[in-house]
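Every number in this text was worked out from the coordinates using simple rules, so none of it is lab data. This one's a predicted model, so the numbers in the text were calculated from it and none came from an experiment. A quick note on method: Cβ atoms are made from the backbone with ideal geometry, for glycine too, and the neighbour counts reach across all protein chains shown.
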Amino acid sequence: MEQLIWDGGRLSRARKMERAELDFAGSRLRQMVSEVADNTVSSYRDVLHGRMILEIQNSALESLNQQLRVLQREVELGLVRPTELIQAELTTAMHELEIVSLSMDLEEAERMLAEMLGMDELPILSEKIDTQRSPVLPHPSIVLPIVEFRNPDLAALRLSVAMLQTEARAASLSWLPTLRLTGSFGMSGRHYPLSRYSWSVGLSIDFSSAWLSGGFGASAGGDPPFDRNARMHQSLRPVPDPAAAFSPRAAGLALIHEQNMYEAALREVHAAVERLINTCRLLDRRRLLAMEALELERDRYRLTELRLSLGEITRIDLMEGMLELARREAGLVEAAVMVLRAERELERFLDLEPGELSLLTEGTR
């Protein structure tokens, strides 16, 4: 019989390594789930974006058709030349083709979103992109101490460093010996029932390293009624595995490399957060400029209507003004979407849900 008393901490180190590997695998799984969620949010906003653009272009098409009907009536009355009607029809047809292309893109975006949600068709989406909204951004000095603990990429690297620390510690302590309790019991005799028995109890220590391995032990017992016995044994094997001497060093170098990677990733994340905050501010300024440009374009369109009523321009010029106004409206929506994307990227760096950046900012304030 042999009973292990102490295994040199090998079981404990193995469990710690398994725990570190499970934590690392769990972190990767959470990252995958987060990526799927981010892709779904992005697809959802693409659908909202496409619907708003299509609505703007359909509204412009309706206005173009109204002007086209007026122009047809004017041609019938002989007020304008037929060539202007042909040019207006071409302009309207080109806009209709653009709407068909936008409809196809929107249909593809809706199909992708439905697949991500595991649905046959999308429900009614009442939400719209708020073009008047400005992001509530925190100061970089407030975010940088937070991002180190919340960023999922840095969290995964920390778990990787912890796993390599466990491996390095296990490699450095692999020389620790094991301790076993041994015992034996036997019966003997010339006839049954057997009349003689013997027993022994001992302790053995085994060790193994790159330069020396072996073991030694001692046991004592008896052969009643008169005999006693004791025994000692030892074995040594020099240089059993010289290559194993490099294992602790290799584990230590791997740990240092992973720590350096973590430090480099930390610097990159800090720089990325500062860059994203500045990008959000710049994109919000672009959104404000798009709003101002839209207001100016509306004033210009009103002036175009006035000039048309005075006979200074043709109805074709008014239709071109309608299309330009629609482009400005679409540009404002594009600018608002760009702000949302940059804000979501910043939220991803901070491991926040969509829309939680403003809550974090208010909380830190």
note = If each K or R counts +1 and each D or E counts -1, the residues other than E305 whose Cβ falls under 12 Å of its Cβ total +2
task = Please sort by residue number the GluC sites (Glu not before Pro) in the range 51-141 whose DSSP state is loop and whose Cβ has at most 16 other Cβ atoms within 10 Å.
result = E121, E127
query = How large is the convex hull of the Cα atoms of the range 177-242 per residue, expressed in Å³ as a whole number?
reply = 92 Å³
Kirkwood hydrodynamic radius of the range 214-365, Cα pairs, Å = 23.6 Å
message = Averaging the inverse of every distinct alpha carbon separation and then flipping it gives the Kirkwood radius. What is it for the chain, in angstrom units?
response = 28.6 Å
Chymotrypsin sites (Phe, Trp or Tyr not before Pro) within the range 205-237, DSSP loop, no more than 15 other Cβ atoms inside 10 Å = W211, F226
inquiry  = Could you compute Rg(Cα) / (2.2 N^0.38 Å) for the range 154-209, with N its residue count?
reply    = 2.35
Gap separating the Cα centres of the range 11-36 and the range 280-334, nearest whole Å = 55 Å
message = Using DSSP to call loops (not H, G, I, E or B), can you name the trypsin sites (Lys or Arg not before Pro) in the range 140-196 whose Cβ has at most 12 other Cβ atoms within 10 angstrom?
response = R190
note = Candidate span helices, the chain: DSSP H, at least 18 Å along axis from Cα coords, Kyte-Doolittle average at least 0.0, result 82-117, 152-172, 315-349
Neighbourhood net charge (10 Å Cβ-Cβ; Lys/Arg +1, Asp/Glu -1) for D284 = +4
Whole-angstrom gap from the range 178-211 to the range 227-259, using each part's C-alpha centre = 27 Å
